[in-house]
Amino acid sequence: MGGREREAMMSHPVVVEVRQVASNQIVVTYDQPADLASATNISNYWIRSNMSSPSDIASLGMGEAISKENTIRADRGMIAPINNSKTRFVITFNVNATMGVLYILLPCFVNLEGRSGFTGGNWGPLSRNMFIGL
């Protein structure tokens, strides 16, 4: 079995919903409890926007591939758990989202609680990981 097949079979939390709750904050909800170390590592998150040149909370545009160079950096925001469920987290940015812009949250490498080693994306076809800036 190749690496991609193992990755697809490895249990991992998947984004259920992303909601903007303030001009500079979004709440991320996972379907299962996440490992706090990987879930609160801001460099495990990307935000894609439909702007031609992202300059606010977005770290990449629609045509760009995700890479370690275009993650959300610690100087642009932080993520913290909301409660003890380990399924809800708030990302607070140093700048505001742009009103009317489409954003897509793309978390990767977030492990299940008590596990490590997941190397894929934490979203799926049923994830509501898009939002329009308010």
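The values are calculated or read from the model by the stated rules, or taken from the named source; none is laboratory data. Note that this is a predicted model, so its numbers are computed, not measured. Heads up, the Cβs are rebuilt from the backbone with ideal geometry, glycines too, and the neighbour counts pull from every protein chain shown.
Brief remarks on what is shown
- Strands (runs of 3 or more DSSP E) contained in the stretch 58-134 and holding at least 3 residues in contact with a Cys (Cβ under 7 Å, 6 or more places away or on another chain) and on the phi < 0 side of the Ramachandran plot: none
- Looking only at residues in the stretch 5-50 that are acidic (Asp, Glu) and at pLDDT 95 or above, the one that is nearest to Ser127 (Cα to Cα) is Glu17.
- Applying the criterion of being touching a strand residue (DSSP E or B) at 6+ places or on another chain (Cβ under 6 Å) and among the small types (Gly, Ala, Ser) to the residues of the stretch 52-73, the residue that is farthest from Gly120 (Cα to Cα) is Ala58.
- Residues of the stretch 43-101 that are touching a residue at least 60 places away in the same chain (Cβ under 8 Å) and among the basic types (Lys, Arg): Arg88 alone.
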